[in-house]
1. For Leu115, indicate whether it is at pLDDT 95 or above and buried (at least 19 other Cβ atoms within 10 Å of the Cβ).
2. Of all residues in the stretch 125-146, how many are surrounded by 15 or more Cβ atoms within 10 Å (Cβ to Cβ) and in a loop (DSSP other than H, G, I, E, B)?
3. Mind counting the residues in the stretch 191-220 that are within 11 Å of Val153 (Cα to Cα) and of a type in the set (A, V, I, L, M, F, W, C)?
4. Kindly provide the set of residues from the stretch 36-49 that are assigned to a loop (DSSP other than H, G, I, E, B), at pLDDT 90 or above and surrounded by fewer than 17 Cβ atoms within 10 Å (Cβ to Cβ), ordered by number.
5. Specify which of the listed residues (His228, His186, His214) is within 22 Å of Val257 (Cβ to Cβ) and touching a residue at least 60 places away in the same chain (Cβ under 8 Å).
6. Identify all residues within the stretch 147-157 that are in a helix (DSSP H, G or I) and in contact (Cβ under 8 Å) with a residue 24 or more places away in the chain; write none if there are none.
7. Residues of the stretch 1-35 being at pLDDT 70 or above and over 23 Å from the mean Cα position of the chain (by Cα), which ones?
Amino acid sequence: MRATKRSEFGDFLRSRREKLNPDARTPKSARRRRTPGLRREEVAELAGIGVDWYVRLEQGRTVSPSDATLEALAEALRLSEVEAEHLRALARGGVREAFAPESVPPAIARTVASLSLPAYVTGRRWDILCWNPAAADLFGFDRLAQSDRNILVFMFIEPEGRRLFGSTWADEARRMIALFRATHDHHAKDPAFVELVGRLHARSPEFAKWWNAHDVRSGVSGQKVLEHPQRGTQRYEYATFQANDDPALKLAIYTPV
């Protein structure tokens, strides 16, 4: 496991351990304590592994957990399937190339432009790479400076993002953080990702608070309620699609309900 992955792996273990509430499955010592979270030795007992081994994992020291150990940890920490897969992915590590801004193939850009529904394409770091007039009308992406064309910057720093989502902003912002975390942890030490997260930390107290919760989730389609400056409250169904040309590219389409 690479050093950067070990750090994120250990941070993720610790964040899940600290969120656990004792129940009938946990050791008696934990059930008697009123403070939230479990101790390291209690998680190790639940997972059936040595305390020292678990401590080494959580501290991000040079260890390579087996598949069986990962499954035991997922069970002990009561991880969801998305969280368990995130744990396995961090354990696998692997060498990743340095981040470079993606380019949108002309055919995809023309497809986006031809759509009447709001549509846009983002990259691995959630940079907004292209959009159509309907998306410009709804989100105002064309008014953003080049350096601000990023979904997270739009959501957490730009006043337009907070106004657009209105009363649903907090729920949607937390959902976005959990989605982005699943990608970020594989590029945590990349300068481009470090710069983005540092900027968000510095400019948004909400981002700093929710980011430290270390939640992860997978992307699914759903609905969003948006407050258009001229047309008022509107509800949209949204769906995202991965490009075969470059799996890092995601096409998002919004359909009015």
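The values are calculated or read from the model by the stated rules, or taken from the named source; none is laboratory data. Being a predicted model, the structure only gives us computed values, none of them experimental. Please note: Cβ atoms are built from the backbone with ideal geometry, for glycine as well, and neighbour counts cover all protein chains shown.
1. Spelling it out, it is not the case that Leu115 is at pLDDT 95 or above and buried (at least 19 other Cβ atoms within 10 Å of the Cβ).
2. Counting residues in the stretch 125-146 that are surrounded by 15 or more Cβ atoms within 10 Å (Cβ to Cβ) and in a loop (DSSP other than H, G, I, E, B) gives 5.
3. Summing the residues that are within 11 Å of Val153 (Cα to Cα) and of a type in the set (A, V, I, L, M, F, W, C) in the stretch 191-220 gives 4.
4. Applying the first criterion (assigned to a loop (DSSP other than H, G, I, E, B)) to the stretch 36-49 yields 36-39, 48-49.
With at pLDDT 90 or above added as a condition, the list becomes 38-39, 48-49.
Residues satisfying the conditions are Arg39, Gly48.
5. His228
6. Matches in the stretch 147-157: Ile151, Leu152, Val153, Phe154, Phe156.
7. Residues of the stretch 1-35 that are at pLDDT 70 or above, as a first pass: 7-22.
Selection gives Asn21, Pro22.
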